[in-house]
Amino acid sequence: MKIFTAGWSLQRPDHNYFKHFLRLNKNKVSIDGIVYPKKIPEDIEGIPVLGFDVAQNLVAPDDTVLDISSTPELKVELKAFFEGKGAKLLSVADFLDRLITEDQQDALRLPFAGIAASDIRKLKSAPPPSLFDQHFVDAESYEVASKLDTIFRNAEWNRMVEFDRDDTPGHVLFNVLLDLNARGLVKHLHVLDTPRVFLDAILKLRLHAPAASFTVSVSDAAFADLGGRAEFYRRSLADCLVPVDGSEASAGQAIQLAGSAETLVAAGARKPLQSAICFMPRSIMDTIAIRNAFGDRQYRVLLRQPDTTVENLLAAVLTPALFGN
């Protein structure tokens with residue numbers, strides 16, 4: 001069985017993840033030809049281009065044909081051609097979903113670091129996020145979770161473009177800190193790792209909310225990662241910087257700052273999880289890891305997706321202790 005595409009996505013960012021997937025798995029999944037009514041270039045992105053005259057003798061009814069045509073007029077023409085050959089058009093999402101279902105050995109490389117086909121199958125076996133789930137801080141958090149769940153559950157990777165908001169992870173992080181400060185929840189911030197982005201956001205918070213009163217501690221490893229910049233942050237935060245072993249860093253009202261949910265889950269294996277703000281490199285999969293780590297304990301989560309990059313999902317995980325409960 002061969003794989004053809006009905007047209008191709010030129011200059012369309014919604015298929016970037018699919019194209020990356022093909023590059024990662026070029027020895028396992030290959031496109032035999034891109035079919036157009038007429039052959040113009042020899043190839044597109046290294047894939048042979050076939051006109052109807054050549055494809056007529058190559059396409060069989062049991063071949064897989066991916067519908068990637070970009071214009072309605074071209075879609076109608078290509079559909080008629082393939083139907084005439086007895087071949088049905090398949091959406092890219094359905095094609096990817098089939099591959100993920102069949103990949104029982106996790107042999108495929110997905111274009112998302114740390115996520116394998118088995119992770120997607122586990123996601124599909126669990127119920128999707130519910131609007132009535134009391135874990136979500138606000139409606140936007142539910143909407144982000146629901147959309148990401150659908151994208152991964154149905155392999156609709158093209159829908160990541162719906163998060164194209166021209167925003168940055170650092171700016172979204174600052175807005176989350178500003179929001180939590182306005183709620184009176186920022187009392188102590190403890191930087192575990194990925195210090196630059198967190199400390200820059202903290203400095204910005206002090207600038208925009210000069211009346212805010214909170215302390216900051218930074219792990220030794222995080223300070224070491226800063227190299228020559230460490231002294232700049234020590235001076236800039238001199239009036240609120242406290243030792244890591246101080247009572248603030250271990251108190252229930254502290255917020256830990258981490259570059260990944262994995263760091264928090266690992267810490268939670270040693271002691272009860274504290275409130276935290278972290279990036280979720282494994283996207284919706286990390287929200288599941290957080291939920292499993294908390295078990296029956298209460299928590300609330302605020303989710304923000306700043307752009308189309310999956311690993312930039314940001315979460316604020318809030319425990320009852322942060323609210324003084």
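The values are calculated or read from the model by the stated rules, or taken from the named source; none is laboratory data. Just so it is clear, the structure is predicted and the values come from calculations on it, not from any experiment. Note that each Cβ is placed from the backbone with ideal geometry, even for glycine, and that neighbours are counted across all protein chains shown. Areas reflect the complete protein model, heavy atoms only, side chains present, ligands, DNA and RNA absent. Shrake-Rupley method; radii C 1.70, N 1.55, O 1.52, S 1.80 Å.
At a glance:
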quantity: Given (1) buried (at least 17 other Cβ atoms within 10 Å of the Cβ); (2) not charged (D, E, K, R); (3) not in a helix (DSSP H, G or I), index of the condition Tyr17 fails; calculated: (3)
quantity: Test: residue in the range 288-300 that is open to solvent by less than 20 Å² (accessible area, probe 1.4 Å) and in contact with a helix residue (DSSP H, G or I) (Cβ under 6 Å, 6 or more places away or on another chain); calculated: yes
quantity: Those residues of the range 310-325 which are under 27 Å from Pro111 (Cβ atoms) and not in a helix (DSSP H, G or I), in sequence order; calculated: Leu313, Leu314, Ala315, Ala316, Val317
quantity: Hits in the range 179-230 - residues which are polar (S, T, N, Q), surrounded by fewer than 17 Cβ atoms within 10 Å (Cβ to Cβ) and at pLDDT 95 or above; calculated: none
quantity: Members of the range 279-313 found to be among the hydrophobic types (A, V, I, L, M, F, W, C) and within 11 Å of Ala145 (Cα to Cα), listed by number; calculated: Ile284, Met285, Ile288, Val301, Leu302, Leu303, Leu313
quantity: Criterion: open to solvent by 80 Å² or more (accessible area, probe 1.4 Å) and at pLDDT 95 or above - qualifying residue of Glu102, Glu156; calculated: Glu102
quantity: Where a residue in the range 108-134 is at pLDDT 90 or above and its partner, wherever it lies, is part of a loop (DSSP other than H, G, I, E, B) and open to solvent by less than 30 Å² (accessible area, probe 1.4 Å), with Cβ under 6 Å and at least six apart; calculated: Leu108/Asn25; Arg109/Asn25; Ala117/Asp103; Ala117/Leu108
quantity: Residue tally, condition in a helix (DSSP H, G or I) and either touching a strand residue (DSSP E or B) at 6+ places or on another chain (Cβ under 6 Å) or surrounded by 14 or more Cβ atoms within 10 Å (Cβ to Cβ) (or both), over the range 58-91; calculated: 7
quantity: Qualifying positions in the range 130-153 - open to solvent by 30 Å² or more (accessible area, probe 1.4 Å), more than 23 Å from Asn16 (Cβ to Cβ) and not hydrophobic (A, V, I, L, M, F, W, C); calculated: Ser130, Asp133, Gln134, His135, Asp138, Glu140, Tyr142
quantity: Flag for Asp245 being of a type in the set (Asp, Glu) and at pLDDT 85 or above; calculated: no
quantity: Sole exception among (1) in contact with a strand residue (DSSP E or B) (Cβ under 6 Å, 6 or more places away or on another chain); (2) on the phi > 0 side of the Ramachandran plot for His190, by number; calculated: (2)
quantity: Any hit, the range 31-46, residues being assigned to a helix (DSSP H, G or I) and of a type outside the set (S, T, N, Q); calculated: no
